[in-house]
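Report on one structure; see the data block that follows.
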Amino acid sequence: MNLPNKLTMFRMILIVPFVILLLGGEWGWYRALLGDGLVYTDLAALVVFVVASLTDLLDGYIARHYNQVTDFGKFMDPLADKVLVLTAMACFCSVGRFPDWALVIVIAREFAVSGLRLVAVDNGRVIAAGWSGKVKTASTMVCLCLMHLVQQRPEGLYSAPDYLKYLDWVCVAVIAATTLYSGIEYFVLNRDVLNWKK
């Protein structure tokens, strides 16, 4: 297994401590175990999320720059990205900070675009990532990082000002809008792939 693939697998492994750090405050045994250390878990979760996100940039650069692109990497890299992002959204959803409808939009878009790509490949065509997809990915990562910074638990490192409480909704709106737009653009630009008569 080459270095890019190891970084991809490392990103998948980091999802476990990320979930524990982000949601651990909701578990009684975890609160009892950490005690006063619980105040640092939100910050630690953010650090883990940022490190995991940076491995995505790093493994892609190394794979392309040093010609280490593999079939395993082509499959696992986008999967690791999606699992990381959807896990973060699901965690925020479970504590009431990310609405169910927005999570459904993100999941539906991923399934739809993946399905479109499969049909395209079956017809001997590869659909490359568009600019809107890259904007969607970047804005989603930034918004999720910002949501980590606005701590909601009273025992957190600091108390967020009231106006920052609205940041969650701004982030949700940005994620939903960019997700919808990029998904629609994929189908509009590649509508010829779907031959309705077949």
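A few notes on this one:
- Between Ala108 and Ala173, the simple spin-label model (points 7 angstrom out along Cα→Cβ) gives 2.1 nm.
- Annotation: extensible slack from Val69 through Ala129 equals 19.9 nm (criterion: 0.36 nm per residue apart, minus Cα-Cα distance).
- Largest accessible area first, the listed residues Val126, Val83 line up as Val126, Val83 when surface is computed with a 1.4 Å probe on the assembled protein chains.
- Taken about its Cα centre, the stretch 39-126 carries a charge dipole of about 200 debye when Lys and Arg each add +1 at the Cβ and Asp and Glu each add -1 at the Cβ.
- Note on the stretch 60-195: with charges restricted to the Cβ of Lys and Arg (+1) and Asp and Glu (-1), its dipole about the Cα centre is near 180 debye.
The values are calculated or read from the model by the stated rules, or taken from the named source; none is laboratory data. All figures in this text were calculated on a predicted structure; none of them were measured in a lab. Glycine also receives a Cβ, built like all others from the backbone with ideal geometry; neighbour counts cover every protein chain displayed. Areas reflect the complete protein model, heavy atoms only, side chains present, ligands, DNA and RNA absent. Shrake-Rupley method; radii C 1.70, N 1.55, O 1.52, S 1.80 Å.
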